[in-house]
Structures are given as structure tokens and as C-alpha cells.
Amino acid sequence: MNTLTGSFKGFGVTFAHMFRKVVTTDYPFSPPKPAPRYHGRHILNRHPDGLEKCIGCELCAWACPADAIYVEGGDNTDEQRFSPGERYAKIYQINYTRCIFCGLCIEACPTRSLTMSNEYELARDSRQDLIFTKKELLAPLLPGMEQPPHPMRLGETDKDYYIGALTNPGTSAGAERAPWSDQGTHDASDPADHASRPETAGPVRKEGAA
Amino acid sequence: MTDVAKRADTVTLTIDGVEVQAEKGELVIRVAERMGIAIPRFCDHPLLAPAGACRQCLVEVEGQRKPVASCTQTVAEGMVVKTQLSSPVAAKAQAGVMELLLINHPLDCPTCDKGGECPLQNQAMSTGRADSRFHEQKREYEKPIHISSQVLLDRERCVLCQRCTRFSEEIAGDKFIDLMDRSSGEQINVYRDDFFGGEGTGDGQVGEGAGDVPFNSYFSGNTVQICPVGALTGEQYRFRARPFDLVSSPTTCEHCAAGCSMRADHRRGKVLRRLAGDDPAVNEEWNCDKGRWGFRYATATDRITAPLVRDPRTGQLREASWSEALVAAAEGLRTARQRGVGVLTGGRLTVEDAYAYAKFARVVLGTNDIDFRARPVRASGSPAEITEEADFLAAAVAGISDLTYADVESAPSALIVGLEPEEECPILFLRLRKAARRGTLAVTAVAPYLSRGFEKLAAALVPAVPGDEARLLGTDPAVAAALSAPGSVLLVGERLATVPGGLSAAAALAARTGARLAWVPRRAGDRGALDTGCLPNLLPGGRPVSDPSARAELSIAWAVETGTLPSKPGRDVDQIIAAAAGGALGGLLVGAVDPGDLADPALAEQALDAVPFLVSLELRKSAVTERADVVLPVAPAVEKAGTYMDWEGRLRSFETVLRDSTAMTDGRVLEAIAALLEVSLNTGDVRSVRRELGAMPASSARPEPPAVAAGAVAEPGEHAAVLATWHQLLDLGTLLDGDEVLAGTARPPVVRIGKELAGQLRVTDGDPVTARTGRGSVTLPAAITDLPRQVVWLPTNSPGSAVRRDLGVTAGAVVRLSAGLPGPILAEGADR
């Protein structure tokens, strides 16, 4: 082979790429959309009346292979009710410097409180900020929801919340996706949302913001 | 010989095809356990009588028609047992029982405190079915009800194994909790009015109906620990953590002189719960609620974390660096020691720390003015009485560990004087009760009345007016008869020190009858402080201060010049306080003493105010630290290693639980002060202290016990009575601060008076009665008790009744009584 044909062959490869689909993404102006089941950051969901689904049982922390979750339970009282039943998570933290996004915590969760969103923009400029607390993790309040603590609105006892809940998507609809994951059913410009999550308002972006 | 006897008592049986020897009367489940065969069980507990309540331990026994419960079946010769490992019948029976137990179990494991350490969870996994065939509605009860302020009961979770009720009846003797109702409604509960058709409040909580009897036992925490499901849980640990969060460290209880082995479970530098450790020689598997739940003082908000120094300009305490504070303490003590420095150590120190104080006093301060007894040490009496207790301790207690829990258990009879075991040494009480219940031990109490604790011991009472114990010990025929059997024990409490001649009489009685004597102090550090020389007449190891050879021995051990150790017995706690108040002392070094515990709190505070230089080694802000010139923070028991010596004289060593703590031991702080005063104390490391104490030769000198004559009993006039008083287990002690739910289970403070006095005062049960001295008064509801004439009992330091502070007296003194609240007219009338 002579060198001339060799060069043409090389340029040919380059030239052929001009007609292929572009893999470069225009990040951050149009962030790519991950697969629907992409393991992104976690959400702590709410019941339709706004009470937290989390009962502070620590099964997520138990399941976590990276020891990224820290939970301390607390006692619900009639005056201070955060979740149906006796127990709620007084402290809930996920340390995203440790989390490996394996999703075992999601499988362990007995109340389907913990789910994962599609959000992947988790870079922060300090380690401290990567420890997400209830403030960051709790799902935003949807219309009809009320900021806990408040009494149980959907039934007399906690059983009314749980029986059939897993087969009833309504109880977690809307809360399973975060608005900032671009696919939310929720309008990110809702001021109520910003009020409840001021520190995560930054990454909120609309389709085609570029 | 014993071997032969033993062989005659053994039988041979086969379990799962393996032949095994077992003692006659042994339970099949225990033999299997010994062989390493685990039979699932809930109700079985080695320290409780067999019940066969849960039926989980069914095994197949050849020749029996049906599977039998191995926890109630005793072994027999030639028995052939097949467990679930070799018998499908047994396995199926166990699976069936498990399925039945789970029918009504709510399976709320995610919210249950027991989740993760639950025998029901584990055994449902090992022997249960994967799914339930029961699809109907489960039985529902109200979710947890408070059966005391500390214990919660969730009846849905209960499998009716009756461990809690059997414990309460057999071990603690508090029948507060029992099986109630019938059939499918059968449940564990406490007596509640509404439950029995009476008037309750209807919201399920106990204590609100007039006739409700909450589970206020001093030992209720043990039922939480032995509950094999999450039916009984403690309020304090509720939802705090999961077992996998916790790091468990073995430790020793710092409260009383029982020396319980404990397990402290901690998470992120904070103890979340404590459980009874397993030590058959001491606490078996039990502990008291004070030890289990009284640990929050260490995390109280008034913990001192940095040294404090009194600013010369402002006169206020301000935070200072360690080096500044240590220099201030050393320079202050250097000046003060020329006029004499007294050392008060309190009874909460570990052996190592107490030794450091004892050595510091002798070597650095050159004084024997050191006393660990933060309590009344004598009745104000004749000079002979002044040294009575110290002489008694030197003669009969220091360095001796003669009597053990096992000895008490096997003794034929026990005489108890100056001690209320349930209130002052609960684990000793459990041991006494174990033997008394078995019928092998006869308990005789020399006390003003049969307290609930003594009643549970089925004790015979020798009624004693406070102050009269010495005479009774010397002359009462019932007392002598109680100790006539060989192997009898004489248990003497620290309170006997306030009876003139009491300890002399006890020592004489023990010598006369051959009974073995034990001195039972109230605090964990008392015995250790005694044996390490925190007493004006004793050097470490029980060596008398006045003995030149003992001082010479110690001079060699401490590498100080012979003759430099002070040879004159020092002042005791009362004399130190009096000297300080009178301006005769240059300084005081105080570690962990609450002036309210001393015989005269007002005088003690006056002394602390008057003394020119005061150094306080403390954990939390106190009456001492606010008056101190230098405050040096020290470590609480969980943050240091050390040893407590229990009442037996047994060493109970423990390691640091919270290893991240930087708090220093008293010994380390004293070593640092000593270094600035050019003395190498070598007490900074517990290991080196243990080595030094271990290398010390045994003391040979033992002084004669004191022989103080019995004093006369006070003669109260009209509307007056002789005061009897002791501490209740759960009271206002500083180590119980911050445990409100625990305080809720304390016995309600009452003033106990006899029928005759009640008649004189025209009061009935529950009416307020006021006891008064020139200092002040205490008003409590009356409880009419079978007391000797002219005796009144008050709790020493319970809510509404701080006897020493409010009345300024101790047991044996005369107080005036009146019905009703202290009004100005009444007070005037009484003063006349």
C-alpha cells in the first residue's frame, strides 16, 4: 500500500463521521434525558395529604452497602404528627459522597417512601453540601398536600394509609419524580415549590432552556 | 466422692441420635443447648421457672403420643428425643406453632424497636413458613399503652410467653403485671380500672383511672430486656436506633455498690441504652432501672467541657486553657497547703481515681485530711464516736473480701441492719430474695418497719427506733437467734454509722456469733475509696496511718523519703467542713461531692464559701463548682476506663465506652497538678495505677474494732418523733438528672407515721403532715405504717423531702410533727 491511499482511508473515517448521529451533548444548555429507570438522587415521598411516607425504620440504612444513609427515628404524637403511625424519621440523611446509586435502599423500603429520581446533577462545592437531609430529600408539596406536622387526613388510623397503598398509584403519583428531573408532572416555576426547596432551586431548568 | 454422688444422679438419654449424660431433673432444652442443638423458644429463660407457655420448643420423644415442650420436660433414663433437626414431626409441630403465634402478630417490624434483634423475627425465619394461610382480620389492640412512665406495652405484638410476669413474680416480687382476660382476648396488662369495668379515662393510658396500678417496679427494665418480641419497650430508647447502628461495650454500673455488669450501646458518641450484662457471680442477668436508665446525666447540658478559672478582676468564673487552669490550681494549692488542704472525694470515683486522690493528699498536700464519705458519718456525740466508723472500716472492712453474693445466697440466715436492700443495693436484694423465695434463707431486719422490700424478703422484723440499733444488736435475743446458725451473714449498711455504738455492736456481734459480716455502702465508689485510702485513718490497702511500718512500706512503694508521709490521723468529712467554715484550712480539693449529701448542707456551703482556695474536679455545674476558684472537668464513667469495687470487695473493671472522648480522669488531672508541684504522681494511666496497686504488698496490720457503748435513744415529747430516713432508689440524686420518665416510676414520697402518732395528729392516709426542726420543714402526705411509737420516716432526698437540707438533721434526731401544711401559726406554736 502506498501512503497516499493510506491517508485517504484515514480521512475517509473522519469524513464518514460527519454523516453520523452526533454524540456530543449540549450540556449544560440542554441536559440529556436519562432512561426512565435511571438511578438518580433519592426522593422521600409523601402521602397525598402531605404526611411523610418515611417511618424511620432504617431498613434503607441497613440495606445500604456503602453506609451512606443515616436515620434516627422519632415518636409521632397527636400534636406533632409527621407520618401515619407511631414512628417517623426525625433525622434522615443520605451522604452522596458515599452513595453508589445501587438502589438497594429502594428495594428495602417497606412503605415505598424512598424512591429515586432521574436527577444526576449532584456536584457540589463542598462535602458538607453532599449530605442531603430531609430538607433536600423530601418531595415537594403538591396541590392538596399540607406541610407536616398535621393530623392524619386520609383516615382514622395508619392502616387506612397502608392497606392497598402499594397497588394504588394515586398515593404516590406526582411525588415520585422531582420537578427538577425534567420529566416531572410538576411545574418548576411554581413559587410554592421554590419556597419549600430554596437550596435546590439552582439546578431547576426547563426544557430547551438554551 | 462428689464424682460418685454425681454419677448416681445422672441419666443417659439420646438427643438426635447422640447419647448424652445429663443430671437428673435437667430440662431437655438445656441438655440440647449444651450439645449445641438450638431448639427455638420464647418463654424459656434459664433463670425463670419453666412455664411451657409458648409451645415453640416442641420436640418428639419416643413413646409419647404427641410432641412435648422441651422446656418443661425433664430428662429420664433411656429417653430418646428427636428435635426438629432429625424429626419431621417436631419440625412440623414447631412450624405450626410459629404460624399460630404469627396469626395475631402485627408484623410491624419496621416500626418496632425489637426489629433486628428479635427472637420472633429470627425464629420465624428459621422455623416459620414463608407465607401465612391466615387471611382474616388480625386481633387489634390499642397501640402502645404506657404501663408506667418508662415501660410501654404493645399487646398486639405479645406472644403471651409470660416471661415478664414470671420475672415480676419470681425475681422482683412486684406483681404489677399479669395475664388478664380469657381465650382470644387473653393479654398481658397491669391493673386498670377501665379494664375491669371501673371508671377509666378510655384513652388506654395507665395511671389516669383512680384504681390504676402502673408498673412501678424498680426492676421493670428487665422485662423489656427479656421480652422475646417487641411487646414491652422502654420509653427512653423508643425509636432511637437499630441494633446494627449500635456499638456495644461491656461496662460496669456506676450507681450503687452492687457492681452490676452492664452493656452500654452507643451510637455516634452517645450512649443510647444500657442493658444488664450477664455475670452469674454478681448480677446474674438482671439490673435495676436506675442502672439501666439513669445515664443521661453524662450528656446533660450543664456538662463542664473546659476548665474554669475565677478571674481575679471580675470575680467570675471564666473558661481557661488547661495549662492556665492547672497552673492556677497548682499555685493555689502550693500556697494553701501551708495552712492545710482538705480533700473530699465523694463516693463516685473509680478505684484508680480514688487512689490518685489518696496519694495526692499524702504526697503532694502532706495531709491525712481526706474523706470519701459524702454523708452523715456519725451522730453528733462523744469524742469516742468520732472515729467509730473509720475504726470499724479499718478493722472489719478495708482490704477484706470475705463475703460474696454466692455466700449470701447459700447462707441459712441473714441479719440486715442499717440497710434497706431494695432501695440501697437492689441486686443484693434480688439475691436475698432468690434465696428467701427458695426457702433456704431466713432474713431478719433490724429496722423501724417492714418496708416493701423487706416484706418481699419475708423478713422477720426486730423493730428498732433509730439510735437504738446498737443496743438491740448487743442484747436482743431475736438478733442473736437470727445469727445462731453456722454460715449466717450480717449485712451492715452505711447508715449504721449514725447510730452511736452501732458499728461497734455489729463487729462485736459478728465476733460473738461467728457470723460473717459485710458492709454495704450506697455508692459505687465507696468501697474502692475505702480500700485505696480515702479515709483520714487509712492508707491504701487498709494500712493504718498510725502504723510506722505501714507508712514505711508505702514510702518505698511511692518512692518518697521515709518519714515524709503524715503520721497523724487526719480530719474526717465533718471536721474538714467545720475547719474550713471556721477558717482553719487553707484550701479544699473537692471531687464530685454534692454538699446536699453532707450532714449539714448549709454549713458545707458556708465552708465552701469561706475556704480561701477551692479546687473542684467535676463533671457538671454544681454547688461546688460555682464557688470554686478552679474547676477542672473530668470524665464521666462512660468516657474513662476504671474499676469499681462492689460491696463484696470484688473488682469490677471496665474499659472506656466512648473512645472518642477527650475528657480526662481525675487521676490524670491530679497527676498534672502534681507535676507542676514537682511531684511525679504516676496516676494518669489506669494501667499503671493498677500495676502499682497490684504490686503493693498486702497489709498485715489490722487494728482492733472500736468498742463504743450504745447511746441512749432520743426522747421525743408530745407531737414529736424520732426521725428514720433513708434514700429511695430513684430520688433527686444528681446522677438521675434529666431522666424524667425514670423519675416517673419512683415511689411517691410519703411521711410514714405509726397509728398512735396519726391518732394524736388526727390524720389519715394521704393527709399532709409536716415535720419540722429549727432549720425548716418538710410536708408530705401521710402513710400510716406499722412503726414503733414516736418514730417518723421520711425519704432522705426525694421530691419535697430533702431531709438534710430542709431539716438539717439525720436519722435518730427528734423532729416535731404537725398535721397540715406548715403555717406561720403552727410553726410558732411548735417553737414554743
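Using the Cβ-Cβ distance between B:THR662 and B:VAL247 with R0 set to 22 Å, the FRET efficiency from 1/(1 + (r/R0)^6) comes to roughly 0.75.
If I model the range B:720-819 as equal point scatterers sitting on the Cα atoms and use the Debye formula, what is log10 I(q)/I(0) at q = 0.16 Å⁻¹? Calculated log10 I(q)/I(0) at the listed q: -0.62. Here the spin labels are modelled as points 7 Å beyond Cα on the Cα-Cβ line, and at B:SER382 and B:GLN64 they lie 7.0 nm apart.
If one takes the accessible area of chain B alone plus chain A alone and subtracts that of the pair, with a 1.4 Å probe, what total in Å², rounded to the nearest 100, results?
The B and A chains share an interface burying roughly 1600 Å².
At the listed q of 0.16, 0.21 Å⁻¹, the Debye profile of the range B:383-521, built from one uniform point per Cα, gives log10 I(q)/I(0) equal to -0.74, -1.34.
Helix B:548-558 and the long axis of chain B differ in direction by around 70°, with both axes built from C-alpha atoms.
Take each residue in B:108-118, count the other chain C-beta atoms within 10 Å of its C-beta, and the mean is 4.
Could you calculate the FRET efficiency of B:ARG687 with A:VAL22 from 1/(1 + (r/R0)^6), where r is the beta carbon distance between them and R0 is 51 Å, rounded to 0.05?
Details: r = 71 Å, r/R0 = 1.38.
After rounding, the FRET efficiency stands at 0.10.
Loop-located chymotrypsin sites (Phe, Trp or Tyr not before Pro) across the range A:1-71 with a Cβ neighbour count of 12 or fewer within 10 Å are A:PHE19, A:PHE29, with loop assigned by DSSP.
Straightening the chain between A:GLN147 and A:LEU4 buys 44.2 nm, computed as 0.36 nm per residue apart minus the Cα-Cα spacing.
Applying the Karplus relation 6.51 cos²θ - 1.76 cosθ + 1.60 with θ = phi - 60° to the range B:790-800 yields 3J(HN,Hα) values of 6, 10, 10, 10, 10, x, 5, 8, 10, x, x Hz, where x marks Gly and Pro. Seen through its C-alpha gyration tensor, with square-root eigenvalues sorted a ≥ b ≥ c, the range B:307-349 comes out oblate because a/c lies at 1.5 or above while a/b is not bigger than b/c. Segment B:GLU324..B:ARG182, full-extension length gain: 44.0 nm, with 0.36 nm per residue of separation and the alpha-carbon distance subtracted.
For the protein assembly as shown, give the share of DSSP beta bridges that are antiparallel, in percent and rounded to the nearest 5; count only bridges with both residues there. The antiparallel proportion sits near 65 percent.
Amide H contacts for B:THR251 (H built 1.01 Å from N in the peptide plane; partners 5 or more residues away or on another chain; cut-off under 5 Å): B:MET262, B:ARG263, B:ALA264. Rounded to the nearest 20, the Cβ-based charge dipole of chain B about its Cα centre (Lys and Arg +1, Asp and Glu -1) stands at 780 debye. Taking amide H atoms as placed 1.01 Å from N in the peptide plane, the amide H of B:ILE188 lies under 5 Å from those of B:MET180, each 5 or more residues away in sequence or on another chain.
Note down, for chain B, the three equivalent ellipsoid semi-axes (square root of 5 times each alpha carbon gyration tensor eigenvalue), biggest first, whole angstrom. Don't jump to the answer; show the numbers that get you there.
Working: eigenvalues 459, 201, 164 Å².
Output for chain B: semi-axes of 48, 32, 29 Å.
Round to the nearest 0.05 the FRET efficiency obtained for B:ALA819 and B:ARG452 when R0 = 22 Å and r is the Cβ-Cβ distance. Mind dumping the intermediate values first?
Working: r = 25 Å, r/R0 = 1.14.
With a Förster radius of 22 Å, E is 0.30.
How much length is gained if the chain between B:VAL18 and B:THR305 is pulled fully straight, taking 0.36 nm per residue apart and subtracting their Cα-Cα distance, in nm to one decimal? Could you put the intermediate results ahead of the total?
Numbers: separation 287, 0.36 × 287 = 103.32 nm, distance 6.11 nm.
Computed gain between B:VAL18 and B:THR305 is 97.2 nm.
Partner lysines whose Cα lies under 16 Å from the Cα of B:LYS568, excluding those fewer than 8 positions away in the same chain, are identified as B:LYS359.
Any idea what the relative contact order of the range B:383-521 is, in percent, if you count C-alpha pairs under 8 Å spaced at least 6 apart? Let's see the in-between values first.
On the way: 251 pairs, mean separation 40.8, N = 139.
Worked out over the range B:383-521, it gives 29 percent.
The listed residues B:THR12, B:THR387, once ranked by accessible area (1.4 Å probe) with the largest placed first, stand as B:THR387, B:THR12.
Note on the protein assembly as shown: dipole from Cβ charges, positive end direction compared against B:LEU585, B:LEU120, B:THR734; the farthest Cα belongs to B:LEU120.
Averaged per residue, the protein assembly as shown has 41 square angstrom of accessible surface, using a 1.4 angstrom probe with ligands and nucleic acids left out. For the range B:259-324, report the translational diffusion coefficient in µm²/s to the nearest whole number, using Stokes-Einstein at 37 °C, 0.692 mPa s, and a Kirkwood Rh over Cα pairs. Result for D is 220 µm²/s.
Normalising the average separation of contacting C-alpha pairs (under 8 angstrom, six or more residues apart) by the number of residues puts the relative contact order of chain B at 12 percent.
Could you tell me whether the range B:495-585 comes out rounded, prolate or oblate from its Cα gyration tensor? Rule is a ≥ b ≥ c as square roots of the eigenvalues, rounded for a/c under 1.5, then prolate if a/b exceeds b/c, otherwise oblate. Show your work: numbers first, answer last.
On the way: a/c = 2.10, a/b = 1.31, b/c = 1.60.
Oblate, because a/c is 1.5 or more while a/b does not exceed b/c.
Is it possible to state the helix-based mean residue ellipticity at 222 nm for the protein assembly as shown, with each DSSP H run of 4+ residues giving -39500 (n - 2.57), the sum divided by total residues, to the nearest 500 deg cm²/dmol? What is it? Mean residue ellipticity, 222 nm, calculated: -6500 deg cm²/dmol.
The trypsin sites (Lys or Arg not before Pro) found in the range B:1-110 that occupy coil by DSSP, while having at most 13 further C-beta atoms within 10 Å, are B:LYS24, B:ARG65.
Overall, the accessible surface of the protein assembly as shown at a probe of 1.4 angstrom is composed of carbon and sulfur to the extent of 54 percent. Placing a pseudo-label 7 Å from each Cα along the Cα-to-Cβ vector at A:ALA63 and B:THR564 gives an inter-label distance of 6.9 nm.
With the cut-off at under 14 Å, measuring from each backbone N in the range B:159-185 to a point 7 Å along the Cα-to-Cβ line of B:GLU136 picks out B:184-185. Exposed loop positions in chain B were taken to be GluC sites (Glu not before Pro) whose DSSP state is not H, G, I, E or B and which have at most 13 other beta-carbon atoms within 10 angstrom. Between these positions, the longest stretch is B:200-560. When the P(r) of the protein assembly as shown is calculated, the portion above 55 Å amounts to 28% of the C-alpha pairs. Each residue, B:SER700 and A:ILE91, gets one label point 7 Å from its Cα in the Cβ direction; the gap between the two is 6.0 nm. Other protein chain C-beta atoms within 10 Å of residue C-beta, averaged over A:49-59: 3. In the range B:3-103, the alpha-carbon atoms span a convex hull of 98 Å³ per residue.
Taking a ≥ b ≥ c as the square roots of the Cα gyration tensor eigenvalues, with a/c under 1.5 meaning rounded and otherwise prolate when a/b beats b/c, else oblate, which class fits the range B:547-664?
Details: a/c = 1.79, a/b = 1.03, b/c = 1.73.
Oblate shape, in that a/c is at least 1.5 and b/c is the bigger or equal ratio.
In this structure, the residue pairs whose Cα-Cα separation is over 19 Å, taken from B:LYS290/B:LYS621; B:LYS270/B:LYS640; A:LYS53/A:LYS134; A:LYS90/A:LYS134; B:LYS456/B:LYS755, are B:LYS290/B:LYS621; B:LYS456/B:LYS755. Charges were assigned to the Cβ only: +1 to each Lys and Arg, -1 to each Asp and Glu. The resulting dipole of the range B:514-643 about its Cα centre is roughly 380 debye. Under the combined filter of DSSP loop state and at most 16 neighbouring Cβ atoms within 10 Å, the range B:319-386 retains these trypsin sites (Lys or Arg not before Pro): B:ARG339.
The values are calculated or read from the model by the stated rules, or taken from the named source; none is laboratory data. Just so it is clear, the structure is predicted and the values come from calculations on it, not from any experiment. Note that each Cβ is placed from the backbone with ideal geometry, even for glycine, and that neighbours are counted across all protein chains shown. Quick note on the areas: whole protein, heavy atoms, side chains included, nothing else; ligands and nucleic acids left out. Shrake-Rupley method; radii C 1.70, N 1.55, O 1.52, S 1.80 Å.
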